[in-house]
Amino acid sequence: MCATNPGCVLGIILFVSAILVPLVPSYADIVFGEGLLEPNSLAVAVNGRLQAVGLRDEIRLGYRDGRFDQCAEFLEVVSKSSPGLPPAGVMLVWMHLEVGRINDARLALDKVAAQHLDDPQVTMTLGQVALSEKRLADAAAQVERAVNLQLPDCWSVTENHDFACCAMDTLAAVYEQQNRWKNTSPTLASLIKLNSATVGYRIRLARSQYLSGQRQEAKSTLIEAARIAKATGELDEPLVTSLALGGFSLHENDTDTAATLFRDAMSTNPTDPRPFYAMARLELSLGRAESALHIIDSFQDQEMNIGIFDAVPGDANMLLGNFGQASRIYKAILDRGPDCNVTRQAIVLVLLGEQSNELQQEAKERAQELALQQPHDATALALLGFVHLQLGQPELAKPLLLRAVEISPQMSADVVYFLAELAALDPEGSTDAKRLLVAARQGSRGVFLSKFRADLLAAKLGVE
């Protein structure tokens, strides 16, 4: 068991650094306090319609209480009484996706898709679920099919606009996950033409421009995003530019430039928590937990941190091996938001690090639950594989870890390297080890903690 394995704590800390610490809000989230991806525009439109007929709150309450069947019945009534709305099952899928219940979304969608093969909203939702499960080619194919289907004649101009935006947004997200930045830029540019005042799309466009070598264009796009943000009173232009460019620098493993930009922003914006959060996250990604805690403590206006620092002390304490303290922090976060998958994953690692067979068994059960709920999620599978590995079950760990990389080749380079090292321990795993090692070294965008060890393993295996 893990409790008797002297390398267990080190293994957990390396795994936290490689897979969980990077799973923080993007730097666009830090800047604007919202998701990088715009909300599902169709879902937003539907919620507005539900609210207009006075049932939205009732449906939401039923969903929160787990009364999905009753919720579906309410949605069925609304769908039939409001022309243009999608089938009730699709709206239920959107509600599942909103809180990260990917497996529930898939099960609900399988039922409705069989009954509505040529409904464009059903097909578009198939694409969005495929995107959430990292089935990128399928996602793109479903979006293309959706836009070629006949749209309902009863749709208004606004509804047609929302559908077009949703298609472009989903396709752009596919390109982003494939690192196809030259395809991403024109798609987002078209999306911006339909949503001229949207800041989030501009940040995404600036990132794709920056990573495809269009640095000047990226800065111009950022300036425009900052101008719009300033008009809404969110923050000023220099802070937008510093944080976004810092985030872009991390994509190229340029941590020095990112750190300089973040620290300058901290100095010039001492009462804004976002640059402090960005710098603390950078320190965590480099394994410098005590420095991250110091940065948080140095923020002058703790009452104004708007909850942005909540998880940092938990992540820092886990990196330091203080699993009991980390557990208390994470459980408090889950009390406020039980559907946060990143925190649920962190709890698994905390329990795994405790010197208790009972708690380690609980870690395994929690990891199995996450993998069951998200069978196509690479992080959930990698986490369960890591748990099996630490519990002395490599035969169960290896297929899960390999499947995780197969689903998401763009996973953290450190995670892929970790798999290469595991494969190298197997006398018959040399071919897998070499393939994974090449993938790790070639795909290392962002911070690559294991680069030195990867170079040593490459020399040992004869990999150029």
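The values are calculated or read from the model by the stated rules, or taken from the named source; none is laboratory data. Note that this is a predicted model, so its numbers are computed, not measured. In this analysis, Cβ positions are derived from the backbone assuming ideal geometry, glycine residues included, and neighbour counts consider all displayed protein chains.
Please go through the range 81-92 and pick out each residue that is at pLDDT 80 or above and assigned to a helix (DSSP H, G or I). Passing the criteria: A88, G89, V90, M91, L92. Of the residues making up the range 67-98, those that are touching a Lys or Arg at 6+ places or on another chain (Cβ under 9 Å) and not small (G, A, S) are C71, V78, L85, V93, M95, H96.
Which of the residues that make up the range 182-197 are in contact (Cβ under 8 Å) with a residue 12 or more places away in the chain and more than 28 Å from A231 (Cβ to Cβ)?
K182
The residue list Q142, Q178 contains one member that is surrounded by fewer than 16 Cβ atoms within 10 Å (Cβ to Cβ) and in contact with a Leu (Cβ under 7 Å, 6 or more places away or on another chain), which is Q178.
Could you please let me know if A167 is part of a helix (DSSP H, G or I), more than 24 Å from V405 (Cα to Cα) and under 22 Å from the mean Cα position of the chain (by Cα)?
Working: part of a helix (DSSP H, G or I): yes; more than 24 Å from V405 (Cα to Cα): yes; under 22 Å from the mean Cα position of the chain (by Cα): yes.
It is true that A167 is part of a helix (DSSP H, G or I), more than 24 Å from V405 (Cα to Cα) and under 22 Å from the mean Cα position of the chain (by Cα).
Note on the range 106-139: among residues that are charged (D, E, K, R) and under 16 Å from H376 (Cα atoms), the one that is surrounded by the fewest Cβ atoms within 10 Å (Cβ to Cβ) is D110. Taken as a whole, the condition of being touching a Phe, Trp or Tyr at 6+ places or on another chain (Cβ under 7 Å) and closer than 17 Å to R101 by Cβ does not apply to T379.
Quick check on R263: is it modelled with pLDDT of 85 or more and assigned to a helix (DSSP H, G or I)? So R263 fits the description; yes. Of the residues E283, E224, E290, the single one that is in a helix (DSSP H, G or I), closer than 30 Å to A164 by Cβ and of a type outside the set (S, T, N, Q) is E224.
Scanning the range 223-254 for residues that are surrounded by 16 or more Cβ atoms within 10 Å (Cβ to Cβ), within 13 Å of T268 (Cβ to Cβ) and modelled with pLDDT under 80 turns up L235, L239, V240, T241. Looking at the range 67-77, can you tell me whether even one residue there is in a loop (DSSP other than H, G, I, E, B), within 25 Å of R135 (Cβ to Cβ) and out of contact with any Gly (no Cβ under 6 Å at 6 or more places or on another chain)? Checking the range 67-77: not a single residue is in a loop (DSSP other than H, G, I, E, B), within 25 Å of R135 (Cβ to Cβ) and out of contact with any Gly (no Cβ under 6 Å at 6 or more places or on another chain).
Residue-by-condition table, conditions (1) modelled with pLDDT of 90 or more; (2) among the aliphatic types (A, V, I, L, M); (3) in contact with a helix residue (DSSP H, G or I) (Cβ under 9 Å, 6 or more places away or on another chain); (4) crowded, with 17+ Cβ neighbours inside 10 Å:
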| site | (1), (2), (3), (4) |
| --- | --- |
| A164 | no, yes, yes, no |
| D169 | no, no, yes, yes |
| T184 | yes, no, yes, yes |
| G200 | no, no, yes, yes |
| R215 | no, no, yes, no |
